Amino acid sequence: MFRVKQLEVEGCCLITPTVFMESTCDLIKVFNDTQFNIYGLSTEFKEEYYAIAKPGVVRGMHFQLPPEGHDKLITCISGEIQDVVIDLRKESKTYGRYTSVNLNEDNRNLIYIPIGCAHGYYIKGNKDALVYYKVTKPFVKELRGGVHWDSLDIPWEFNKEEVEVERGDKAWPKFEAFETPF
């Protein structure tokens, strides 16, 4: 059984998974087709991957352009991230809003991100983060899009002058200058 909480961005959910604890192993169920369907979440995942990210780095805010936009299911298996989502969908009642949650190896939570939202995260603490993704369409590098991470006064949990930013992520337009394809 999952607990699903609707977040500030329409269609974006925080998912608390079922944990089966034994003396030598914790088994964490991160996906169940039937339960996801109950909440209206996509279950048509086409690709899975993970990222190993250095601490003190901000990544994002990324999305995949239409017609290959995809829903994402993300968790942080090891380490800790501040995960942020921005709604880029013109017709959404939460267009231009963001949500932020902490994902880490202790809370074991997941975030479900619908098509048309930009996603990014900051790697907290002093160890690498292992971030796991499931997506409803395969990643296509040529269709990668983004919005600048320092948009919308997002309350990031770092000092902006000291954070390391991926070179490509520095060039994305600010949300205010961004023309959404969604």
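Residues in segment 84-93 that are in contact with a His (Cβ under 9 Å, 6 or more places away or on another chain) and farther than 18 Å from K72 by Cα: there are none. Taken over segment 165-181, the criterion of being among the β-branched types (V, I, T) and part of a loop (DSSP other than H, G, I, E, B) is satisfied by T180 alone. What residue, of G96, G145, G125, is touching a His at 6+ places or on another chain (Cβ under 8 Å) and either surrounded by fewer than 18 Cβ atoms within 10 Å (Cβ to Cβ) or not β-branched (V, I, T) (or both)? Matching residue, one of G96, G145, G125: G145. Selection of strands (runs of 3 or more DSSP E) fully inside segment 14-131 by the criterion of at least 2 residues being aromatic (F, W, Y) returns 47-53, 117-124.
Please verify whether segment 146-164 includes one or more residues that are assigned to a helix (DSSP H, G or I) and more than 19 Å from I74 (Cα to Cα). No, because not a single residue in segment 146-164 is assigned to a helix (DSSP H, G or I) and more than 19 Å from I74 (Cα to Cα). Within segment 73-94, residues that are over 11 Å from G60 (Cβ atoms) have Cβ atoms under 7 Å from residues that are small (G, A, S) and assigned to a strand (DSSP E or B) in these pairs: C76/A129; S78/A129; G79/A129; E80/A129; L88/A118, counting only partners at least 6 apart in sequence or on another chain.
Within segment 39-47, does at least one residue satisfy the condition of being modelled with pLDDT under 95, touching an Asp or Glu at 6+ places or on another chain (Cβ under 7 Å) and among the small types (G, A, S)? For segment 39-47, residues modelled with pLDDT under 95, touching an Asp or Glu at 6+ places or on another chain (Cβ under 7 Å) and among the small types (G, A, S): present.
The residues in segment 15-59 that are under 18 Å from N104 (Cα atoms) and in contact with a helix residue (DSSP H, G or I) (Cβ under 7 Å, 6 or more places away or on another chain) can be counted, and the count is 1.
Taken over segment 96-120, the criterion of being closer than 17 Å to F175 by Cβ, in contact (Cβ under 8 Å) with a residue 60 or more places away in the chain and not hydrophobic (A, V, I, L, M, F, W, C) is satisfied by G96, R97, Y98, T99, G116, G120. In the condition set (1) surrounded by fewer than 19 Cβ atoms within 10 Å (Cβ to Cβ); (2) free of Cβ contacts under 8 Å to residues at least 40 places away in the same chain, V140 is compliant with all but (2). Within segment 72-88, restricting attention to residues that are of a type in the set (A, V, I, L, M) and more than 13 Å from E105 (Cα to Cα), the residue that is surrounded by the most Cβ atoms within 10 Å (Cβ to Cβ) is V85.
The values are calculated or read from the model by the stated rules, or taken from the named source; none is laboratory data. Quick caveat: nothing in here was measured; it's all calculated off a predicted structure. Reconstructed Cβ throughout: ideal geometry from the backbone, glycine too, with neighbour counts over all protein chains shown.
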